[in-house]
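J.: One structure, pasted below without further comment.
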Number of protein chains: 2
Amino acid sequence: MLNSLDKHMLETVADMHQAPLGAFNIRKNGQGVQRQTTENIDILTKLDKPGIDVIVKPYTKGESVHIPVILTEENLNDLVYNTFEIGEYSDVVVIAGCGIHNNGSCNSRHDGIHTFNVRKGAKMRYVEKHFGEGEGTGSRILNPKTILEVEEDATVELEMVQIRGVDSTKRDTEIRLGKNAKLIITERLLTDEEQWAESKISVELNGDGASAQIISRSVAQGHSKQDFYFDLIGRSASRGHVQCDSIIMHDAQVFSTPRISAQHSEAQLIHEAAIGRIESEQLIKLMSMGLSEKEAEDTILKGFLK
Amino acid sequence: MLNSLDKHMLETVADMHQAPLGAFNIRKNGQGVQRQTTENIDILTKLDKPGIDVIVKPYTKGESVHIPVILTEENLNDLVYNTFEIGEYSDVVVIAGCGIHNNGSCNSRHDGIHTFNVRKGAKMRYVEKHFGEGEGTGSRILNPKTILEVEEDATVELEMVQIRGVDSTKRDTEIRLGKNAKLIITERLLTDEEQWAESKISVELNGDGASAQIISRSVAQGHSKQDFYFDLIGRSASRGHVQCDSIIMHDAQVFSTPRISAQHSEAQLIHEAAIGRIESEQLIKLMSMGLSEKEAEDTILKGFLK
């Protein structure tokens with residue numbers, strides 16, 4: 001059922017070289033095409049709307065769930081609601097990439113609305129890679145909405161990467177952290193040509209001892225445009241740190257609007273943002289080692305987005 | 001014409017212990033009460049609306065203009081438009097404080113709209129201190145709007161301080177920088193009790209070689225609330241740096257929303273913000289030297305807002 005294009009897309013967005021060992025659910029062109037569950041991780045098709053419920057039993061350790069989505073046709077408008085129940089004291093990895101291969105002149109679009117309940121003491125690592133390609137003039141559009149409720153003592157690590165080739169994206173991430181909950185977000189984003197990317201990340205530090213660290217790095221090339229919004233709200237004796245760096249090239253534009261709101265005298269919030277071009281010293285150094293300007297640039301950008 | 005209360009207010013907001021040597025214009029309770037001009041600095045009363053035109057001749061060096069405003073009565077609603085023409089290659093200091101002493105139960109309010117044209121190669125230092133006091137329940141309200149057009153090779157230094165006692169303030173500062181123009185802003189702000197302060201600073205780096213450095217420090221005490229907005233826009237090969245730090249105490253709240261927008265690939269923009277309480281190590285150190293907790297706090301805050 002999966003052809004070589006499908007396999008290439010699955011490798012790119014979800015590091016799936018073969019069927020993974022754990023649970024998985026592959027969605028292709030708006031339909032579930034393969035699914036595997038384990039004793040500890042169940043996947044159920046939603047009855048009221050498109051999407052799945054992923055249920056991780058309490059105390060499940062060292063397991064993974066792959067839920068990649070691929071679109072290989074034009075003129076698709078795929079909307080999916082996925083709900084994740086990450087049981088108490090479990091420790092799992094969720095891999096949720098999306099790739100669009102569009103050779104047509106009509107747009108292809110995927111909107112994924114993911115809701116996570118990360119229960120007390122659980123640890124979850126979530127990896128999401130977005131990727132677009134294809135020869136057509138039709139746009140490749142990805143609009144993820146991610147909502148996380150992180151309970152007491154739970155830890156969440158989010159790794160969100162837009163590799164390349166996505167013409168338009170509107171990313172919306174909302175996270176609420178309970179007592180001693182811990183969050184680490186790593187965002188990487190590249191745009192080129194006439195592409196547009198918006199990323200909103202809102203983190204509420206609601207419980208005492210909660211902490212959040214957000215590191216966002218982006219590269220804007222061509223005529224592309226990027227808009228970042230961060231909203232870090234301290235409602236408790238908590239700590240939050242946002243760091244965002246962008247490299248701007250050609251005629252690209254980057255707008256960064258972070259907001260830090262301290263509503264508790266023991267909230268400690270820090271934000272740092274920088275936008276600039278590639279440092280010329282770095283370029284010169286690499287070029288003196290025999291690289292062309294293009295190769296030197298690519299090396300620097302690769303390191304930056306690593 | 002100036003009584004001892006007036007003199008105390010003038011000292012506090014404009015460091016005027018006696019009539020200054022340079023040009024000045026003192027406004028009291030909505031009316032001009034004293035004025036002095038010099039050969040190089042003229043002050044004219046506007047004919048179409050309340051306010052003055054301050055005209056500094058090109059090449060004027062080492063002179064100052066004091067234009068303090070004091071309100072010592074309740075139930076005032078003073079609105080004034082001041083325009084400043086800072087001539088080419090001049091080098092001047094403008095001191096523009098405002099103090100409100102309100103013993104009544106009605107509000108007293110001053111809205112100052114200042115427009116500056118800082119001409120080619122000119123240097124201007126602008127100092128503005130805001131202060132409120134009085135036993136009454138009437139609010140002390142100060143809403144300054146400051147617009148600066150800074151031409152090629154000109155340098156502007158703004159020192160804007162809200163000392164204390166201002167119940168409500170809405171500060172709006174808009175600056176456009178030409179080629180090689182240079183801007184340094186130092187903002188200091190303290191609120192207490194039920195006070196509210198909003199400060200918006202927008203800087204457009206329009207000319208190549210323009211640079212801006214903004215350092216904002218605030219202390220929020222009691223139940224007070226502070227809202228900061230920064231908007232740094234790079235439209236040229238330019239550099240901008242915003243740094244804002246707030247100390248939050250008691251039940252105060254601080255919201256900081258900086259925005260950096262790079263619209264040119266050689267714009268380099270940096271933002272840093274931090275909100276937190278007084279560091280306990282600093283407190284303990286000072287208390288071990290014999291200071292009470294209150295004294296230690298005051299010492300730290302004074303240093304921070306210096």
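J.: Return yes or no: is A:G51 under 20 Å from A:N3 (Cα atoms) and of a type in the set (G, A, S)?
T.: Against the criterion (under 20 Å from A:N3 (Cα atoms) and of a type in the set (G, A, S)), A:G51 does not qualify.
J.: Which condition does B:V219 not pass, out of (1) in contact with a Gly (Cβ under 8 Å, 6 or more places away or on another chain); (2) within 30 Å of B:H101 (Cβ to Cβ); (3) not acidic (D, E), if it passes all the others?
T.: Looking at each condition in turn, B:V219 falls short on (1).
J.: Okay, next question. Scan the stretch B:17-59 for residues that are within 24 Å of B:G121 (Cβ to Cβ), not in a strand (DSSP E or B) and not polar (S, T, N, Q) and jot them down.
T.: Within the stretch B:17-59, B:G22, B:E39, B:K57, B:P58, B:Y59 qualify.
J.: Just checking, which of A:I175, A:I100, A:I141, A:I147 is of a type in the set (V, I, T) and under 13 Å from the mean Cα position of the chain (by Cα)?
T.: Working: A:I175 fails: under 13 Å from the mean Cα position of the chain (by Cα); A:I100 fails: under 13 Å from the mean Cα position of the chain (by Cα); A:I141 fails: under 13 Å from the mean Cα position of the chain (by Cα).
Going through A:I175, A:I100, A:I141, A:I147 in turn, just one is of a type in the set (V, I, T) and under 13 Å from the mean Cα position of the chain (by Cα): A:I147.
Residue by residue, here is whether (1) among the aliphatic types (A, V, I, L, M); (2) under 21 Å from A:Q226 (Cα atoms); (3) touching a residue at least 60 places away in the same chain (Cβ under 8 Å); (4) buried (at least 20 other Cβ atoms within 10 Å of the Cβ) holds:
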{"site": "B:S238", "(1), (2), (3), (4)": "no, yes, yes, yes"}
{"site": "B:V254", "(1), (2), (3), (4)": "yes, no, no, yes"}
{"site": "B:A262", "(1), (2), (3), (4)": "yes, yes, no, yes"}
{"site": "B:H271", "(1), (2), (3), (4)": "no, yes, no, yes"}
{"site": "B:A274", "(1), (2), (3), (4)": "yes, no, no, no"}
{"site": "B:L286", "(1), (2), (3), (4)": "yes, no, no, no"}
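J.: Looking at the stretch B:252-302, which of its residues are in a helix (DSSP H, G or I), within 14 Å of another protein chain (Cβ to nearest Cβ) and among the small types (G, A, S)?
T.: B:S280
J.: Can you report the number of residues in the stretch A:213-226 which are under 21 Å from A:H241 (Cα atoms) and surrounded by fewer than 17 Cβ atoms within 10 Å (Cβ to Cβ)?
T.: The qualifying residues number 1.
J.: Considering (1) open to solvent by 60 Å² or more (accessible area, probe 1.4 Å); (2) in contact (Cβ under 8 Å) with a residue 40 or more places away in the chain; (3) touching a strand residue (DSSP E or B) at 6+ places or on another chain (Cβ under 7 Å), say which one A:L44 fails and leave the rest.
T.: (2)
J.: Could you say whether any residue in the stretch B:5-16 is under 17 Å from B:V80 (Cα atoms), assigned to a loop (DSSP other than H, G, I, E, B) and open to solvent by 20 Å² or more (accessible area, probe 1.4 Å)?
T.: no
J.: Among the residues of the stretch B:17-35, count how many are more than 23 Å from B:R119 (Cβ to Cβ) and either surrounded by fewer than 19 Cβ atoms within 10 Å (Cβ to Cβ) or among the hydrophobic types (A, V, I, L, M, F, W, C) (or both). Give the derivation first.
T.: Start the filter on the stretch B:17-35 by keeping residues that are more than 23 Å from B:R119 (Cβ to Cβ), which leaves B:17-21, B:26-35.
When the remaining residues are screened for being either surrounded by fewer than 19 Cβ atoms within 10 Å (Cβ to Cβ) or among the hydrophobic types (A, V, I, L, M, F, W, C) (or both), the result is B:17-21, B:26, B:29-35.
Residues in the stretch B:17-35 being more than 23 Å from B:R119 (Cβ to Cβ) and either surrounded by fewer than 19 Cβ atoms within 10 Å (Cβ to Cβ) or among the hydrophobic types (A, V, I, L, M, F, W, C) (or both): 13 in total.
J.: If I filter the stretch B:195-212 for residues that are more than 22 Å from B:A122 (Cα to Cα), more than 14 Å from chain A (Cβ to nearest Cβ), in contact (Cβ under 8 Å) with a residue 60 or more places away in the chain and buried (at least 18 other Cβ atoms within 10 Å of the Cβ), do I get at least one hit?
T.: no
The values are calculated or read from the model by the stated rules, or taken from the named source; none is laboratory data. The shown structure was predicted, so the numbers you read here are calculated from the model rather than taken from an experiment. A quick note on method: Cβ atoms are made from the backbone with ideal geometry, for glycine too, and the neighbour counts reach across all protein chains shown. The accessibility values were calculated without ligands, DNA or RNA, using every heavy atom of the protein model including side chains. Shrake-Rupley method; radii C 1.70, N 1.55, O 1.52, S 1.80 Å.
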